[in-house]
Structure formats: C-alpha cells, structure tokens
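Inspection log for the structure reproduced underneath, given as structure tokens.
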Amino acid sequence: LGNTVLSQVSTHRPFGGVVPNLAMREHQKNLIPILEHTLKEAHMLTRVTKSITVNKKQKASGARLEKAVEKILVREPILLEYAQKFFKKYLPPDIDAIAVTYGPGLEPALWVGVNFAKALSAMWGKPIIPTNHLEGHIYASWLSEGTPPQFPLLALIVSGGHTELLLVKNHLRYTRLGETRDDADGEAFDKVAKMLGLGYPGGPEISKIAEHGKSDAFDFPRPMIHSGDFDFSYSGLKTSVLYTLQDLEPARQTQKRSSVAPIKISTKRKADIAASFQQAAVDVLIKKSAQALKKYKPKSFVVGGGVIANKKLRSSLETLVHKLFPETQLYLAPMWLTGDNAAMIAAAAFFRGIPKKKISGLSANGGLKLS
Ligand code: KG4
Ligand code: ZN
C-alpha cells in the first residue's frame, strides 16, 4: 500500500562507507517523516480532530502511554521528539502488526528501528513481528507480479554483508548450503571501487564503468570456484585487483593498503579492471548456483540482495537457468526491491505471522542467522 526508501548514501559518501554513529542519527531524524510519507501513500494518515472528546480515563491512559514511549526511546532523544509530535497529530492506522528488522546488520543502527517499533507498538496497541533482514531479501520475490515462487527452492542472497546459498523446503524452513568465508560479494565490489577511486557504494559505480571495459582484459582469480562445496571467498580476488593496480602504478606499492590514493591509470584501463573483476565475481556465483541447481533440482531459484541490481549478474543468471535448468523458475528480485527496503520486510513478516505469545525484551542481533 505504501513503501518509502530513504537513502543515506550522500551522508556516508564522504567517508567511503557507512558510519554507525551517523546512521543512528539519520535514522532518528528520518523514521517519522518516512512513516508519515508511507501512511499518506497508503491513505492511512488520519489527523486527530478537535471534535474527539476525551474523557478522564482516556486522558490518564494517554499520559501513561506517553510515559512508556519516553522510556522506550530514552536512548533516541531526537526520534522521541519527532515521535511525540507525530502521536499528538495522527490517529493509529488500521494495520494488523508492525514488522521490524532486528538483524543481521550494524547493531547500533538496528536498535533504533527496534526501539521505534516498540514505541509504535505501545502507542498503537499492535503486535511486533521481529523479522530477519535476509529473509526479507528472499521474500522480495513474492512481491513480483505473477505466480509466486514454489518450494523446494534455492535461494541466493548477495548483498553488502552476505553471500549465502540456501535450500528452502517450505516457508521459513532454511538449510544453509554455503556462505562466504571472508568478504561478501557486495563488500568486494565496494572495496575494489575504492581502490579504483570510484564513489560509494561501489557496486553501481563498478557496473557502470564495466560496460565500457573488456571482461577478459585481466585474468583475476575465481576463488573457491572448484572447491566442490557451496562456500565463497572474495578476499583473494580483491587482493589480486590491488596487486594488479600496484603493478600498473609502482608508486602505489609504498602506500598503506587502507589508504585511498587518487588513481592515475587511464579510464580505459580502469574500465577493463572493473569489467574483469565483475566477470570473476559473477563467474563464481554462476558456478556455485549451477552446482546447487544440479544437485537439488529446486522448483524455483530466488535471488535477492543489493548486488542483484547488477545487470551482468542478472543476465548471466537468466542465461544459466534458461539454457541448463529450464525446469526451474528463476525469480530475480524486482529492481525496485534489490536494495534494502521495507516492503520486503513486510512480505517476510506476512509469512512469519503474528507471534502467538507477546514478545518481551526484543533485542537487535547483529549476527542473526536464518533458521
Ligand atoms: O542489500 P543491500 O542494499 O544492503 C545490505 O544488506 O548489505 O546491498 C548493498 C550492496 C552494496 O555492497 C552495493 O555496492 C551492492 O549491493 N550493489 C551492487 C550494485 N548495486 C548495489 N553491486 C554490484 N552491482 C550493482 N549494480
Ligand atoms: Zn540488504
């Protein structure tokens, strides 16, 4: 009914990555405006009118709720201020529950969301559905038009923090087949982009310049491609790009690894490096997916996460399934749901359902696994 995405990219860009403290402050400032925008889009934003008369008992209960919210948002003073104004201005919307991401991710940032959900839950008298971020990336495909994915399905999640292959026998029943042993796929895109002097986030930047480069110009390694299991590794690939750059620009060798030097190689070379790196990263994903599709013969293959916005990856997956696994239906998260968004969290929460028992003491969990 309504979905609002607010990007903090411009806030974090000067730092070349997400700064937790800044993210926390931005979340606090933005959550209420986003909520207002979304409820308006859903035609659920109803103002409190003066004509509503409030009796003594209702007044007392209102004051109690306000106190409860103050306590819940004690660590989020900016959000509390926005929330207090919002609750005075608008009536509770006609919804069934509040879904919130409680992990995995940056814990300080997750906490802001969790506490906000708690405040809304207290104020509106609606239950909370704690939701796994990765589950959201899988369930984004349920928001596509047409027939939903069928079980058993193979799920591939490729994001800035995760690279995982999972077998899903039924709703919410996950078996992890493999995951990255070091960097995530998106993380490698971001780090290589930084080495090439490109902006943050790196994935979209790499894929943009890769369009003008040759994907076989550099022979970068495809780590673990022949390992026979479903695990991934991207750290060696990233280091290999660094060594290549150092060979091209010997001055770089004396620099610290972490420092970001302005890059002097030609635009053409940069494009070739980006295209060759992208090809190596995609090749590993395709090979491992093919292996899993062959072994498990799933009815559907669902792919989600920020990196699936990558055109090369999308077309390579389409070709793979079309040519070699025509019995399997491929579901690539629709473009508007590839990056992090709230709609996918609502979709996952819909299948999880309202918890039978009221949850007390919900905490953010940075290392939450899918189970
Ligand atoms: O799922 P997501 O929005 O956030 C996390 O949960 O991490 O994924 C963000 C990641 C970043 O690493 C970003 O560089 C990458 O997705 N990404 C891309 C592209 N668009 C975003 N990677 C490659 N090609 C893209 N077009
Ligand atoms: Zn994500």
Looking across region 136-153 at residues that are buried (at least 24 other Cβ atoms within 10 Å of the Cβ) and under 20 Å from SER289 (Cβ atoms), the single one that is nearest to the chain's Cα centre (by Cα) is HIS137
Scanning region 303-321 for residues that are over 14 Å from GLY339 (Cα atoms) and β-branched (Val, Ile, Thr), the one nearest to ligand 2 (Cβ to nearest atom) turns out to be VAL321
With the first residue restricted to region 191-204 and required to be over 17 Å from SER235 (Cβ atoms) and within 16 Å of ligand 2 (Cβ to nearest atom), and the second required to be in a helix (DSSP H, G or I) and charged (D, E, K, R), Cβ contacts under 6 Å at 6 or more apart or on different chains are TYR200/ARG13; PRO201/ASP190
Worksheet item: If we scan region 234-257, do we find a residue that is charged (D, E, K, R) and at pLDDT 95 or above?
Response: yes
Residues that are of a type in the set (Gly, Ala, Ser) and in a helix (DSSP H, G or I): does region 351-371 have at least one? no
Counting only residues in region 205-230 that are among the charged types (D, E, K, R) and within 20 Å of THR267 (Cβ to Cβ), the one nearest to ligand 2 (Cβ to nearest atom) is identified as GLU205
Apart from one, (1) within 15 Å of ligand 2 (Cβ to nearest atom); (2) over 16 Å from the mean Cα position of the chain (by Cα) all hold for PHE116; the odd one out is (1)
Contact list, first residue from region 143-170 and touching a residue at least 60 places away in the same chain (Cβ under 8 Å), second anywhere and more than 16 Å from ligand 1 (Cβ to nearest atom) and assigned to a loop (DSSP other than H, G, I, E, B), beta-carbon distance below 6 Å, six or more apart or interchain, is GLN150/LYS299; PRO152/PRO298; LEU153/PRO298; LEU154/PRO298; LEU165/PHE230
Exception for HIS162 within (1) crowded, with 17+ Cβ neighbours inside 10 Å; (2) closer than 18 Å to VAL321 by Cα falls at (2)
Of (1) under 16 Å from the mean Cα position of the chain (by Cα); (2) of a type outside the set (Ser, Thr, Tyr); (3) at pLDDT 95 or above, LEU370 fails just (3)
Within region 152-179, the residues that are within 15 Å of LEU285 (Cα to Cα) and not small (Gly, Ala, Ser) are LEU154, LEU156, ILE157, VAL158, HIS162, THR163, GLU164, LEU165, LEU166, LEU177, GLU179
Within region 324-337, the residues that are within 16 Å of ligand 1 (Cβ to nearest atom), under 26 Å from LYS294 (Cβ atoms) and assigned to a loop (DSSP other than H, G, I, E, B) are ALA333
Residue set GLY339, GLY304, GLY361, GLY366; condition free of Cβ contacts under 8 Å to residues at least 40 places away in the same chain and closer than 25 Å to ALA97 by Cβ; output residue GLY361
Taking the condition hydroxyl-bearing (Ser, Thr, Tyr) and buried (at least 21 other Cβ atoms within 10 Å of the Cβ), does THR328 pass?
no
Within region 54-113, of all residues that are in a helix (DSSP H, G or I) and in contact with a Pro (Cβ under 9 Å, 6 or more places away or on another chain), the one surrounded by the most Cβ atoms within 10 Å (Cβ to Cβ) is LEU110
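The values are calculated or read from the model by the stated rules, or taken from the named source; none is laboratory data. Keep in mind it's a predicted model, so treat the numbers as computed, not measured. Note that we place each Cβ from the backbone using ideal geometry, even for glycine, and neighbour counts take in every protein chain shown.
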